[in-house]
Amino acid sequence: MSHLIISGGTRGIGRACVSLFAGKGYKVSSLSRTGTPDNAVEGVLYLQCDVRDPDSVKSAVEKAVGENGPVDVLISNAGIAVSGLAQDFKYQDYRDVMDTNFGGLFNLAGAVIPYMVRQGKGVILATSSMWGQTGASCEALYSASKGAVDSYIKALAKELGPSGIRVNAVSPGAIDTDMMSGYDDEAKKVICDDTPLGKLGSPDEIAEVMFFLQSDKASFITGQIIGANGGYLI
Ligand code: NDP
């Protein structure tokens, strides 16, 4: 039975991945600050972990491997968004966004790579964002953090391909989760109007892309930033 370690598996896109993979028979370990959520998926190992902290990540990954066995798939998904004018962001905003969105990937990949190299196989996936590719006004820090994710994914794919490890990112457009709670109905309508498919994406639609990318059906895909944005960015 394959083992998925995912960060941010308690809500939104992460929860949809947890639910899909667990339903397909994977052992799933979810790492997030709140640990076990109220709506926990049965059979999933929920571990309290702050992805910004390398020691917290290392110890959670060790616990996950101890409980669920060698890690086959990592999804670095935990993320936060901040919006505002570039000149108004504080240094702490920069730290919070970069340490969570990019630092989380850095810490998680660092913790699982030795296991995957030993096995001679594995898949690393990250949840990026279309704003990392094109940049969003009033989301400069968030965009930069996801740009860093994209570059890291491409570099890791080159470094780890010879060890049998594939590395890709999914780059969603606007997805209907808690992260969109700052957008009122009018703002959401503007996004939908600018999206050829005319709607917000659902967490399940992103989870399905993740599932495909970790499967053997994607065995020749690595180093790619796969857009799932309803055509918003073409
Ligand atoms: P949610 O806000 O719904 O969920 C975020 C998840 O990340 C939660 O499970 C949260 O758990 C976890 N998390 C946040 N900070 C930390 C931390 N320091 N350590 C551990 N876990 C943490 O967000 P989404 O599901 O919308 O977003 C998931 C990913 O998708 C993010 O990387 C986001 O940037 C990306 N994305 C989202 C889009 C959208 O429109 N929703 C669009 C493009 C990309 P807890 O609070 O318990 O720690």
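Do you know which residues across the stretch 1-22 are within 13 Å of the ligand (Cβ to nearest atom) and outside any loop (DSSP other than H, G, I, E, B)?
Of everything in the stretch 1-22, those that are within 13 Å of the ligand (Cβ to nearest atom) and outside any loop (DSSP other than H, G, I, E, B) turn out to be Ile5, Ile6, Ser7, Gly12, Ile13, Gly14, Arg15, Ala16, Cys17, Val18, Ser19.
Take the residues in the stretch 140-184 that are within 13 Å of the ligand (Cβ to nearest atom) and of a type in the set (Ser, Thr, Tyr); name whichever of them is surrounded by the most Cβ atoms within 10 Å (Cβ to Cβ).
That would be Ser145.
List pairs: first in the stretch 95-111 and farther than 12 Å from Asn77 by Cα and in a helix (DSSP H, G or I), second more than 9 Å from the ligand (Cβ to nearest atom) and charged (D, E, K, R), Cβ under 7 Å, 6+ apart or cross-chain?
Going by the 7 Å Cβ cut-off, the qualifying pairs are Ala111/Lys58.
Tally time: how many residues in the stretch 178-191 are under 23 Å from the mean Cα position of the chain (by Cα) and closer than 19 Å to Ser137 by Cα?
To start, the set of residues in the stretch 178-191 that are under 23 Å from the mean Cα position of the chain (by Cα) comprises 178-183, 188, 191.
Those still in the list that are closer than 19 Å to Ser137 by Cα too: 179-183, 188, 191.
Residues that pass the stated criteria total 7.
With the requirement that a residue be away from the ligand (no atom under 11 Å from the Cβ), in a loop (DSSP other than H, G, I, E, B) and open to solvent by less than 90 Å² (accessible area, probe 1.4 Å), what does the stretch 200-223 give you? Full working, then the answer.
Let us first name the residues in the stretch 200-223 that are away from the ligand (no atom under 11 Å from the Cβ), namely 204-205, 208-209, 211-223.
Now narrow it down to the ones that are in a loop (DSSP other than H, G, I, E, B): 215, 219-223.
Within the stretch 200-223, Ser215, Ser219, Ile221, Thr222, Gly223 meet the criteria.
Could you count how many residues in the stretch 121-131 are assigned to a helix (DSSP H, G or I) and either open to solvent by 20 Å² or more (accessible area, probe 1.4 Å) or of a type in the set (Asp, Glu) (or both)?
The initial filter retains those residues of the stretch 121-131 that are assigned to a helix (DSSP H, G or I), namely 130-131.
Now drop any that are not either open to solvent by 20 Å² or more (accessible area, probe 1.4 Å) or of a type in the set (Asp, Glu) (or both), which leaves 131.
Going through the stretch 121-131 one residue at a time, the tally reaches 1.
Among Gly110, Gly103, which is at pLDDT 95 or above, farther than 13 Å from Leu31 by Cα and surrounded by fewer than 16 Cβ atoms within 10 Å (Cβ to Cβ)? Walk me through it before giving the result.
Details: Gly103 fails: surrounded by fewer than 16 Cβ atoms within 10 Å (Cβ to Cβ).
Selected residue: Gly110, the only one of Gly110, Gly103 that is at pLDDT 95 or above, farther than 13 Å from Leu31 by Cα and surrounded by fewer than 16 Cβ atoms within 10 Å (Cβ to Cβ).
Any chance the stretch 214-233 includes a residue that's farther than 18 Å from Ala16 by Cα, in contact with an Asp or Glu (Cβ under 7 Å, 6 or more places away or on another chain) and touching a residue at least 60 places away in the same chain (Cβ under 8 Å)?
Yes: one or more hits.
The values are calculated or read from the model by the stated rules, or taken from the named source; none is laboratory data. In this text the structure is predicted, and so the values were computed from the model without any measurement. Cβ coordinates were reconstructed from backbone atoms using ideal geometry, including for glycine residues, and neighbour counts include every protein chain displayed. Note: areas computed on protein heavy atoms with side chains; ligands, DNA, RNA excluded. Shrake-Rupley method; radii C 1.70, N 1.55, O 1.52, S 1.80 Å.
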